[in-house]
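First up is the structure itself, then whatever we jot down about it.
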Amino acid sequence: MSHYYTDVDHFALLPAILLALFGCAIFLFDFLLGERSRRWHLMLVLPGLAITGWHLWKQGQIAPFTAFHGVLTIDAFGLFFNWLFLLTAALVAVISYRYLEIEDEHQGEYYGLVLMAQAGAYFLAVGTELITIFVGMETMGISFYVLVGFLRRSRRSNEAALKYLILGAFSSGILAYGFSILYGIAGSTYLTDIAVAVAARPAFDPLTILAILTVSAGILFKISAAPFHMWAPDVYEGAPTAVTAYLAVGSKIASLALLLRLFLGPLGSAREAWEPLLALAAIASLTVGNLAAVTQTNAKRMLAYSSIAHAGYLLLGLVAGNTTGLQGIAIYSGAYVFMTIGAFLVLMAVHGEEIDDLNGFARRHPVYAVPMVVFLLSLAGLPPTAGFLGKYYIFLALIESGRYVLALVGAAYVAVALFYYFRLVRSMFLLPTIEVERPKASSLGLRVALGTTGLVTLGAGIYPEPFLQLAMRSLLK
Amino acid sequence: MPWLTALLALPLVGLIVLLAIPGKARNLVRLWANAVLLAGLGLALPLWQSFDRTANGYQFVDRMQWIPTLGAQFLLGIDGISLLLVLLTSLLGPIAALASWNAIEERTKEFYAMLLLLQFGMLGLFLSLDLLLFFVFFEVVLVPMYFLIGIWGGERRLYAAIKFFLYTLAGSVVLLLGIIALYWQGGLHLARPTFEITELLKLQLALDVQRWLFWAFFVGFAIKVPMVPFHTWLPDAHTEAPTAGSVLLAGVLLKMGTYGFVRLSLPLFPEAAREAAPILAVLSIVAILYGALISLMQQDWKRLVAYSSVSHMGFCTLGLAALNSNGIAGSVLQQFNHGISTSLLFLLVGFVYERRHTRQIADFGGLAVVMPRFAFVFAVAVFSSSGLPLLNGFIGEFTILQGAFIVSRTWAAFAVFGIVLGAAYLLWLYQRTMLGDLRNEANRGLADLSLREWATVLPLLMLALAIGVYPKPWFAVLERPVLEIVGRFGR
């Protein structure tokens with residue numbers, strides 16, 4: 001095996017390097033310039049993301065290719081998810097500015113950590129070697145632990161960070177244990193080798209099952225799927241709202257990419273062992289998420305529970321196991337980025353977290369309330385929105401593969417979901433306005449992000465063809 | 001000329017322009033919304049002239065690519081069945097808008113925006129020949145109706161609005177699964193997967209597949225109609241909705257369910273439909289009798305009218321269950337008739353409510369003394385609804401009974417009893433509100449129908465009489481499409 005690195009290797013690593021470099025640059029500027037650096041943060045984040053994006057696009061020109069002898073695999077799948085991370089990070093960065101100002105925590109580290117988290121996520125999507133994947137996972141995780149506790153003076157934010165740290169560290173341990181078993185099976189940390197070794201073992205081999213159990217436990221924690229979801233409501237509620245959005249979207253989608261990479265790659269031959277497991281996790285997530293969301297009075301907490309339910313739908317796509325299911329996951333994830341960030345950014349604009357804080361919001365600020373209806377309809381999965389397409393594909397995949405009961409369960413929860421999502425609409429449109437006019441945490445960035453997410457969520461529902469082509473192409477290559 | 005596309009786009013364009021009008025200019029908002037809806041009627045009426053009654057299949061077809069990846073198209077077209085429902089929608093839209101002129105003082109602009117969005121959704125549903133498009137419109141109407149009930153409704157509007165939404169949605173997700181499963185079957189057996197209804201009709205589905213799909217579609221449509229036992233959302237939604245909402249809800253939205261049966265369930269799954277027909281018939285008869293009995297008990301004028309819809313829609317579904325040309329043609333015509341007569345009843349309740357702000361039947365009595373013209377219109381509405389000869393309701397119900405009689409005398413016997421009950425509760429309502437002495441002093445100064453109110457009821461009155469006296473042209477439109485559907489049962 002050669003030990004020389006080629007240009008291709010650097011090229012494959014470049015997006016992560018760029019993200020880390022820009023992240024460090026922000027740390028440095030913040031340290032050197034202090035207060036004066038504020039205005040430079042976004043000026044560094046957005047170009048950083050743009051340059052990263054340009055390199056992702058260049059990678060796409062020659063994909064698929066492997067680097068470092070199979071440590072990284074730059075393929076359409078990985079690129080698709082990296083594009084989603086990029087969009088997520090950009091949206092989160094622009095909506096955070098005013099929010100941090102209001103919370104009086106306007107520190108440069110915030111933006112640096114956002115980029116660092118994305119650098120870690122990069123390896124979850126394209127990494128094909130266990131140690132690389134694990135390091136990526138931890139880079140992302142540690143960035144998020146700090147981000148969740150970013151409101152230093154808020155007790156809830158600190159509590160959330162501590163909870164997330166302890167439970168997250170625990171789940172990482174379990175994941176590492178699972179990786180060690182995979183290594184034990186194959187004698188190698190490369191996914192290609194593990195695939196061969198796992199396929200050679202008999203069906204329902206105890207060691208493989210143990211690996212599946214531990215690995216899926218570690219990843220299900222990250223995507224906040226039941227039964228490893230307990231942290232999500234507390235952390236989502238306590239974290240700064242912009243970070244909640246980032247966590248709900250970025251962290252979840254990145255871990256989902258890893259789940260797909262592992263379970264369709266090296267563990268693909270053990271499908272009969274993990275499929276019932278994930279099906280159960282999916283059903284449990286749908287049930288816990290949707291039913292618990294109904295009784296919430298805090299909007300962030302409600303969206304946290306609903307994001308558990310969304311994890312369930314995404315898992316159903318994997319359970320269906322056909323091409324349609326994968327397309328469904330891709331489309332669902334894409335829609336999820338826009339509708340979830342959209343919903344959270346409207347909550348940021350309200351600058352209130354209780355559902356009652358939204359009372360009469362539509363009368364005062366229809367420009368925010370009307371897109372919110374679109375986001376909520378999309379989250380529930382009603383046409384003509386992007387969320388409908390995602391659910392449509394997942395249901396189609398389940399029906400194609402003969403899993404009618406799963407399809408029916410998934411469909412039934414749409415009605416439940418609409419009930420709690422529309423409690424927000426009820427507050428905004430039907431209830432009388434509250435007396436106290438709250439400060440509105442709006443900014444140019446927030447409005448641009450609102451326009452973008454709203455247009456995509458609705459546009460992809462009304463004329464989905466280009467979006468479908470995009471998702472299709474990302475997986476077929 | 002893409003006639004149907006223009007007809008469909010008009011309310012949407014009107015809505016976009018409306019958003020540009022400042023909300024403070026309330027009369028301008030009202031004027032614009034009314035003008036748009038009236039223009040829509042103007043665009044729809046010539047369809048009646050140009051429609052070719054001797055041609056098979058769909059007419060005025062507009063076809064555009066929409067989602068080629070899925071095989072979904074933007075495909076519009078009408079046959080006789082949808083023609084009637086499109087005309088009904090185009091007529092009731094402006095009537096509902098005009099009836100709300102004085103009633104909606106608060107958030108006027110939003111109200112008319114929702115009305116236009118609703119009109120767009122309703123027209124789209126009856127025009128679309130693509131199953132996915134159909135489903136999208138099936139869902140699109142829910143949102144504006146939710147707001148119409150929830151913002152401008154009565155006291156229990158919050159409860160009624162979400163109940164309406166959830167019930168219909170619960171049904172439509174099952175319908176969605178059915179649509180997806182049908183699409184998948186199409187993908188297996190047809191040249192390429194498609195949502196085009198005429199293509200899907202070519203499928204030869206096995207009986208057990210048909211059965212599953214029929215019942216999946218059934219859940220979606222039966223809740224919408226609503227058939228017993230799915231009817232419990234209806235009285236709340238109809239009673240709490242503002243007049244315009246009630247008119248469109250009863251006049252048009254309920255027909256989406258029966259239209260779904262005629263357009264999709266029956267022709268797509270004929271064998272399963274034949275199997276299920278007795279069940280449908282029994283449910284329909286239960287609805288007819290149960291709805292009528294409940295109506296007899298009501299103390300609330302509007303709630304009585306709402307429950308009467310359960311009974312009358314039972315006739316429409318009974319006609320479908322007969323699966324013969326009389327039954328189906330009668331059912332479609334009765335859908336049109338019910339749209340006219342129930343809208344009249346709701347409009348009149350609304351007029352009274354605007355004057356007195358109560359709907360309790362006990363608060364009225366002897367209104368004929370102070371409002372003779374109102375009493376006259378109300379009498380016609382009551383007679384039309386209870387099926388008096390020479391008015392529209394008679395024609396529809398009679399044809400349905402004919403159809404039912406051919407299949408089973410028992411069905412017909414029970415249904416006839418429903419007509420008797422229908423006459424009973426409607427006439428009793430008339431007696432309690434209009435006749436006798438003026439008991440309640442508060443009713444003394446009530447004004448009779450205004451010119452605007454006449455304008456809303458007159459077209460409906462004339463139609464009721466026209467259909468009742470000379471129903472032939474209406475059946476002529478229905479002949480071809482109904483024969484086509486019935487033909488599918490023969491195979």
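Could you run through the stretch A:348-374 and say how many residues are within 20 Å of A:Leu444 (Cβ to Cβ), buried (at least 21 other Cβ atoms within 10 Å of the Cβ) and either within 14 Å of chain B (Cβ to nearest Cβ) or touching a Cys at 6+ places or on another chain (Cβ under 7 Å) (or both)? Step through it out loud before you land on a result.
Here is the first cut: in the stretch A:348-374, the residues within 20 Å of A:Leu444 (Cβ to Cβ) are A:348-351, A:364-372.
Checking which are buried (at least 21 other Cβ atoms within 10 Å of the Cβ) leaves us with A:348-350, A:368-369, A:371-372.
Then keep just the ones that are either within 14 Å of chain B (Cβ to nearest Cβ) or touching a Cys at 6+ places or on another chain (Cβ under 7 Å) (or both); that gives A:369, A:371-372.
Number of matching residues: 3.
Look at B:Ile149 and say whether it is aliphatic (A, V, I, L, M), crowded, with 24+ Cβ neighbours inside 10 Å and touching a strand residue (DSSP E or B) at 6+ places or on another chain (Cβ under 7 Å). Spell out the reasoning first.
Details: aliphatic (A, V, I, L, M): yes; crowded, with 24+ Cβ neighbours inside 10 Å: yes; touching a strand residue (DSSP E or B) at 6+ places or on another chain (Cβ under 7 Å): no.
Criteria not met by B:Ile149.
Scan the stretch B:296-313 and tell me whether some residue there is out of contact with any helix residue (DSSP H, G or I) (no Cβ under 8 Å at 6 or more places or on another chain), of a type in the set (A, V, I, L, M, F, W, C) and free of Cβ contacts under 8 Å to residues at least 12 places away in the same chain. It would help to see each step written out before you state the result.
Let us first name the residues in the stretch B:296-313 that are out of contact with any helix residue (DSSP H, G or I) (no Cβ under 8 Å at 6 or more places or on another chain), namely B:297.
If we keep only those that are of a type in the set (A, V, I, L, M, F, W, C) too, we end up with B:297.
Then keep just the ones that are free of Cβ contacts under 8 Å to residues at least 12 places away in the same chain; that gives B:297.
Yes.
Taking interchain pairs and intrachain pairs at least six residues apart, which have beta carbon atoms under 6 angstrom, with the first residue in the stretch A:216-229 and in contact (Cβ under 8 Å) with a residue 60 or more places away in the chain and the second of a type in the set (Lys, Arg)?
Pairs that qualify, where the first residue is in contact (Cβ under 8 Å) with a residue 60 or more places away in the chain and the partner is of a type in the set (Lys, Arg), are A:Ile223/A:Lys252.
Assess whether A:Phe395 counts as being surrounded by 21 or more Cβ atoms within 10 Å (Cβ to Cβ) and more than 12 Å from chain B (Cβ to nearest Cβ).
Values: surrounded by 21 or more Cβ atoms within 10 Å (Cβ to Cβ): yes; more than 12 Å from chain B (Cβ to nearest Cβ): no.
When the stated conditions are applied, A:Phe395 does not pass them.
Confirm whether B:Ser265 is surrounded by 24 or more Cβ atoms within 10 Å (Cβ to Cβ), within 25 Å of B:Val349 (Cβ to Cβ) and among the hydroxyl-bearing types (Ser, Thr, Tyr).
Values: surrounded by 24 or more Cβ atoms within 10 Å (Cβ to Cβ): yes; within 25 Å of B:Val349 (Cβ to Cβ): no; among the hydroxyl-bearing types (Ser, Thr, Tyr): yes.
When the stated conditions are applied, B:Ser265 does not pass them.
Criterion first (at pLDDT 95 or above and not polar (S, T, N, Q)) does B:Leu87 satisfy it?
Working: at pLDDT 95 or above: yes; not polar (S, T, N, Q): yes.
Yes, satisfied.
Which condition breaks for B:Lys224 when tested against (1) among the charged types (D, E, K, R); (2) out of contact with any Gly (no Cβ under 6 Å at 6 or more places or on another chain); (3) away from every other protein chain (no Cβ under 11 Å)?
Evaluating B:Lys224 over (1) among the charged types (D, E, K, R); (2) out of contact with any Gly (no Cβ under 6 Å at 6 or more places or on another chain); (3) away from every other protein chain (no Cβ under 11 Å) leaves (2) as the failure.
Residue-wise test of (1) outside any helix (DSSP H, G or I); (2) crowded, with 16+ Cβ neighbours inside 10 Å; (3) within 14 Å of another protein chain (Cβ to nearest Cβ).
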{"position": "B:Leu19", "(1), (2), (3)": "no, no, yes"}
{"position": "B:Gly23", "(1), (2), (3)": "yes, no, yes"}
{"position": "B:Val29", "(1), (2), (3)": "no, yes, no"}
{"position": "B:Gly40", "(1), (2), (3)": "no, yes, no"}
{"position": "B:Asp62", "(1), (2), (3)": "yes, yes, no"}
{"position": "B:Phe74", "(1), (2), (3)": "yes, yes, yes"}
{"position": "B:Leu88", "(1), (2), (3)": "no, yes, no"}
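Out of the stretch A:80-101, which residues are in contact with a Phe, Trp or Tyr (Cβ under 9 Å, 6 or more places away or on another chain), more than 16 Å from A:Thr452 (Cβ to Cβ) and surrounded by fewer than 23 Cβ atoms within 10 Å (Cβ to Cβ)?
If the condition is that a residue be in contact with a Phe, Trp or Tyr (Cβ under 9 Å, 6 or more places away or on another chain), more than 16 Å from A:Thr452 (Cβ to Cβ) and surrounded by fewer than 23 Cβ atoms within 10 Å (Cβ to Cβ), then A:Leu100 is the only one that fits.
Here are A:Thr52, A:Thr73: which of them is β-branched (Val, Ile, Thr), within 22 Å of A:Glu129 (Cα to Cα) and in contact (Cβ under 8 Å) with a residue 24 or more places away in the chain? Give the derivation first.
Numbers: A:Thr52 fails: within 22 Å of A:Glu129 (Cα to Cα).
So the residue among A:Thr52, A:Thr73 that is β-branched (Val, Ile, Thr), within 22 Å of A:Glu129 (Cα to Cα) and in contact (Cβ under 8 Å) with a residue 24 or more places away in the chain is A:Thr73.
Here are A:Gly250, A:Gly325, A:Gly317: which of them is touching a residue at least 60 places away in the same chain (Cβ under 8 Å), touching a Ser or Thr at 6+ places or on another chain (Cβ under 6 Å), assigned to a helix (DSSP H, G or I) and not charged (D, E, K, R)? Give the steps one after another, and end with the answer.
Details: A:Gly325 fails: touching a Ser or Thr at 6+ places or on another chain (Cβ under 6 Å); A:Gly317 fails: touching a Ser or Thr at 6+ places or on another chain (Cβ under 6 Å).
Result of the check over A:Gly250, A:Gly325, A:Gly317: A:Gly250.
Across the stretch B:98-155, what is the number of residues that are closer than 18 Å to B:Leu37 by Cβ, among the β-branched types (Val, Ile, Thr) and over 17 Å from the mean Cα position of the chain (by Cα)? Step through it out loud before you land on a result.
Of the stretch B:98-155, the ones closer than 18 Å to B:Leu37 by Cβ are B:98-104, B:108-127, B:137, B:140-141, B:144-145, B:147-148, B:152.
Checking the rest, the ones that are also among the β-branched types (Val, Ile, Thr) come to B:104, B:108, B:140-141.
Next cut, over 17 Å from the mean Cα position of the chain (by Cα) only: B:104, B:108.
The number of residues fulfilling the criteria is 2.
Any chance the stretch A:59-67 includes a residue that's at pLDDT 90 or above and within 23 Å of A:Val337 (Cα to Cα)?
yes
Working carefully through the options B:Ala250, B:Ala244, B:Ala281, B:Ala277, find the one that is surrounded by 23 or more Cβ atoms within 10 Å (Cβ to Cβ), more than 15 Å from the chain's Cα centre (by Cα) and in a helix (DSSP H, G or I).
The match here is B:Ala281.
Out of the residues in the stretch B:182-193 meeting the condition of being of a type outside the set (Lys, Arg) and surrounded by fewer than 21 Cβ atoms within 10 Å (Cβ to Cβ), tell me which one is nearest to B:Leu75 (Cα to Cα).
Applying the first criterion (of a type outside the set (Lys, Arg)) to the stretch B:182-193 yields B:182-191, B:193.
Remaining after also requiring surrounded by fewer than 21 Cβ atoms within 10 Å (Cβ to Cβ): B:184-185, B:187-191, B:193.
Details: B:Trp184: 20, B:Gln185: 20, B:Gly187: 19, B:Leu188: 22, B:His189: 22, B:Leu190: 19, B:Ala191: 19, B:Pro193: 15 Å.
For the stretch B:182-193, the residue satisfying everything is B:Pro193.
Of the residues that make up the stretch A:400-423, is at least one over 23 Å from the mean Cα position of the chain (by Cα), surrounded by fewer than 24 Cβ atoms within 10 Å (Cβ to Cβ) and closer than 26 Å to B:Lys109 by Cβ?
Yes, the stretch A:400-423 contains at least one residue that is over 23 Å from the mean Cα position of the chain (by Cα), surrounded by fewer than 24 Cβ atoms within 10 Å (Cβ to Cβ) and closer than 26 Å to B:Lys109 by Cβ.
Give me a count of the residues in the stretch B:442-451 that are without any contact (Cβ under 8 Å) to a residue 40 or more places away in the chain and either among the small types (Gly, Ala, Ser) or farther than 19 Å from B:Glu354 by Cβ (or both). Please lay out each step first, then the result.
Of all residues in the stretch B:442-451, those without any contact (Cβ under 8 Å) to a residue 40 or more places away in the chain come to B:450-451.
Imposing the further condition that a residue be either among the small types (Gly, Ala, Ser) or farther than 19 Å from B:Glu354 by Cβ (or both) reduces the set to B:450.
Adding up the residues that qualify gives 1.
Report, by residue number, each residue of the stretch A:180-215 that is surrounded by fewer than 19 Cβ atoms within 10 Å (Cβ to Cβ), of a type outside the set (A, V, I, L, M) and assigned to a helix (DSSP H, G or I).
A:Ser180, A:Tyr183, A:Gly184, A:Thr192, A:Asp193, A:Pro206
The values are calculated or read from the model by the stated rules, or taken from the named source; none is laboratory data. Bear in mind that the values here come from a model prediction, so they are computed numbers and not experimental data. So basically every Cβ, Gly included, is an ideal-geometry build from the backbone, and we count neighbours across all protein chains shown.
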